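Undergrad: Handing you this structure, nothing more for now.
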Amino acid sequence: MTPAVHMISNNMISSLGFTTAEHIESFRLGQTGIIPFQTLNETFHVSPINQALLEQEWDALAVQPNYEKLEKLFILSISKTLENQDIHPRNDDCLIILSSTKGNIDVLKQNHNRNAYLYEMTRNIARHFEAANRPQIISTACISGTLAGIMAYRYIKSGRYKHVVVSGGDLLSDFTLSGFNAFKALGNTDCKPFDKNRDGVSLGEGVGTILFSSESQNSDNVIQITGGASSNDANHISGPSRTGDGLHLAIQGAMKQAGLSQNDIGFLSAHGTATPYNDEMEAKAFHLSGLQDCPINSFKGYFGHTLGAAGLLECIAAIESLRRNEIYPSLGFEEMGVSQPVNIIKEFRKKELHHVLKTASGFGGCNASIIFSKVS
């Protein structure tokens, strides 16, 4: 019998705090961690992690200090996720998958060139947890975190591993900021996904971690992955499809695998970067998929676009939304700014949920969709 894939525990770290509970409270209150930040001779609105709090958390972990900033965040998030669990990466039936777009890119300024390699960062983290299996790293632009979750789902469904720890993270850096600035994609105000007056991305930094397992450890409120799929627009190195066909294909693949129709989806967590091309493409894809009336939000208005962490942080937010029967507003949205109107959530409210859909899209035309379902 093919095993089910359960969500056992999770952790979120961003500008909003170092626990999932802190994030949920911010979602309920509509609080953002995005702030003005002066760099590259301009002021951009970004979402940085509090460095003083990071050092406090790290000191409390009582681990040797010879790790880079992003490695510390990964270790903290994974450690919090594994608290009070019998599952551990040192066991043969457990795998670690990391997702990141830039990894330790910040250390290039310090001439620590070797630690800048993604595989070196992955080894350092796996070594800390005494991982029995060789860890994997997914770096597929902004779908990295969502795709890592889909890979975990496939590994467990196939019986290759019983448990998979998936963690996604990225930092704010001059490299990333200058790259998005070259595309004229950075906003000078807090990001406003799908809104008529949006002016661009608010970049953020963070780490999100989920422990997936073939074993359910909680008889109440069990959450499972029931479908996941990816696709590629084959359109442009940075610009998404003009029609939404690629994302639509990924959504259809996930729903077919889950055995669901559009009417079964109670909430959709969109990628929602607050750029004209992305928001327009997503709106078209949601119409093609018959999801235009489904309640939709983007979590980017809370902690910004966290790149390789975005998929994991937003999957966790969707899982907790499902678990609590709550849907959270899409911060910054006031007036429809896409040609195909969609049902953007404007205020926090309770809603009975059974299935939620998370989508992601990224440079190179990559798309991913994943479905979480509540098991009664």
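Undergrad: List, in the order given, every pair from 300/346; 256/346; 102/300; 157/300 whose Cα-Cα distance in the structure shown is over 23 Å.
TA: 256/346; 157/300
Undergrad: Report for region 5-213 the percent antiparallel among DSSP-assigned beta bridges with both residues inside it, nearest 5.
TA: Bridges in region 5-213 that DSSP calls antiparallel: roughly 65 percent.
Undergrad: Of the peptides 178-191, 350-363, how do they stack up when ordered by the mean number of other Cβ atoms within 10 Å, highest first?
TA: 350-363, 178-191
Undergrad: Okay, next question. What percent antiparallel are the DSSP beta bridges of region 267-376, to the nearest 5?
TA: 60 percent
Undergrad: When the chain is modelled as a GNM with alpha-carbon springs shorter than 10 Å, which of 132, 317, 274 fluctuates the most?
TA: 132
Undergrad: Now for a separate question. Given a cut-off of under 8 Å on Cα pairs at least six residues apart, what relative contact order in percent is computed for the chain?
TA: About 24 percent, as a whole number.
Undergrad: Excluding residues on the same chain fewer than 8 positions from residue 192, give the aspartates and glutamates whose Cα lies under 19 Å from its Cα.
TA: Cα-Cα hits under 19 Å: 205, 279, 280, 282, 314, 334, 335, 347.
Undergrad: What is the Cα centroid distance between region 1-70 and region 299-338, reported in whole angstrom?
TA: 14 Å
Undergrad: Rank-order 368-374, 253-259 by packing density, defined as the average count of other C-beta atoms within 10 Å over each peptide's residues, highest first.
TA: Output ranking for 368-374, 253-259: 368-374, 253-259.
Undergrad: For every helix of n ≥ 4 consecutive DSSP H residues, a contribution of -39,500 (n - 2.57) applies; sum these over the chain, divide by its total residues, and give [θ] at 222 nm rounded to the nearest 500 deg cm²/dmol.
TA: -9500 deg cm²/dmol
Undergrad: Additional query: Over the chain, what is the percentage of antiparallel beta bridges among all DSSP beta bridges, to the nearest 5?
TA: Within the chain, antiparallel bridges account for around 70 percent of the total.
Undergrad: Let me ask something else. Can you bin region 296-344 into rounded, prolate or oblate? Criterion: square roots of the alpha carbon gyration tensor eigenvalues sorted a ≥ b ≥ c, rounded for a/c under 1.5, prolate for a/b above b/c, oblate for the rest.
TA: oblate
Undergrad: Among residues other than residue 242 whose Cβ falls under 14 Å from its Cβ, what is the net charge (Lys/Arg +1, Asp/Glu -1)?
TA: Net of charged neighbours comes to -4.
Read-outs throughout are calculated quantities, based only on the coordinates presented, and are distinct from any laboratory measurement. A quick note: this is a predicted structure, and the numbers were derived from the prediction, not measured. Here the Cβ is made from the backbone with ideal geometry for all residues, glycine too, and neighbour counts use every protein chain on show.
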